[in-house]
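The values are calculated or read from the model by the stated rules, or taken from the named source; none is laboratory data. All of these numbers come straight from a predicted model, not from anything done at the bench. In this analysis, Cβ positions are derived from the backbone assuming ideal geometry, glycine residues included, and neighbour counts consider all displayed protein chains. For accessibility, only protein heavy atoms count, side chains too; no ligands or nucleic acids. Shrake-Rupley method; radii C 1.70, N 1.55, O 1.52, S 1.80 Å.
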Amino acid sequence: MPHQPHRLLALIFPTFEHLDLFGPLGLLLPRSVAFSCVIAGLDGPGAYESSMGNQILTQTTVGVDEALRGEVEFDTLVIPGGMGTRRLLDQPDVLQKIGQLAERAKWVFTVCTGSVLLAGTGRLDGVRATTNKRAFDQLTPRYPSVNWVHRARFVRDGKYFTTSGVTAGLDGALAFASIIESGIQPDARDADKWGDRTASRRNAWGIEYRWNEDAEADEFADGFPEELKDIPPLFRLPAGVGELASFEENPPSPSARGSALSAASSPSPWWAF
């Protein structure tokens, strides 16, 4: 009998962070027969614009409701972050659905502020978890029952595997693949919970990626180095748009961000996820 692949259900929503999702999927899917994936739209089947903007769309054929009705079978729920998470934190009906999916999943894997979205469901209460450093101080106090870990590229606590900002999803995905391909179970003891990493090291080397295997080796927890603190970021938006507070009050659509980029005359930094 052929090996049954580990089934991922990836949740997307408007303005999800593109690299949060397709970075890990790009590592797991093309280079292993051990994983398969279905992408589900939070608002139902359809086309979703991510942080990329520019009318670059991700097409889904199923939505969350179909997944909740059992029309999609999955082992791991994958939740990316992005500015789109901010709108969802105050929508109890949406959080309830995400929480129900998390309950059904054998594993839950989040990237960046996807963990904050999961925290909003209550499923991370009493659980160790991490999230994006640039949003850490603003968003984690909202959920004090979570045992937030600031210095961590990725954190595993039982079935919940959370990663820090954006590219940390790559480090976490390789560690997660080692767990799955080693047959490690969610209730594994600390000494046995990471599995054999040999195959993941081979995959990382094959794509010329320097994998940070040590979850606690997190230089980003220290903030920007002194020589970079006053350097303008590469990606910029018009004044006020890129500030986290402005996003919290009125998050722009990806199309609006794309238009603003091309028309910017007095830009401000954009570094919040």
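Summary of the geometry: the stretch 148-190 and the stretch 51-66, compared by the centres of their Cα atoms, lie 25 Å apart. Heavy-atom accessible surface of His150, to the nearest 10 Å², is about 70 Å², with a 1.4 Å probe and all protein chains retained.
As a calculated quantity, the FRET efficiency between Asp187 and Ser36 at R0 = 22 Å, using C-beta atoms, amounts to about 0.35. For the stretch 67-147, the gyration tensor built on C-alpha atoms gives a prolate shape. Its axis ratio a/c (a ≥ b ≥ c) is at least 1.5, and a/b is the larger of a/b and b/c. Per atom type, the stretch 147-188 shows carbon and sulfur on 49% of its accessible surface, probed at 1.4 Å. Checking the Cα-Cα distances for Lys97/Lys159; Lys133/Lys159; Lys97/Lys133 against a 24 Å cut-off, the pairs over it are Lys97/Lys133.
When a/c is below 1.5 the answer is rounded, else prolate if a/b is larger than b/c, else oblate, so apply that to the stretch 158-215 with a ≥ b ≥ c taken from the square roots of the Cα gyration tensor eigenvalues. Oblate, since a/c reaches 1.5 and b/c is not below a/b. Classify the stretch 1-155: rounded, prolate or oblate, from the alpha-carbon gyration tensor (a ≥ b ≥ c, eigenvalue square roots; a/c under 1.5 rounded; otherwise prolate if a/b is larger than b/c)? It is rounded, given that a/c, with a ≥ b ≥ c, falls under 1.5. Ranked by the mean number of other Cβ atoms within 10 Å per residue, highest first, peptides 136-143, 75-82 order as 75-82, 136-143. Accessible surface of the stretch 76-137, 1.4 Å probe: 41 percent of it comes from carbon and sulfur atoms. Put a dot 7 Å past the Cα of Arg151, heading toward its Cβ, do the same for Leu68, and the two dots end up 4.1 nm apart.
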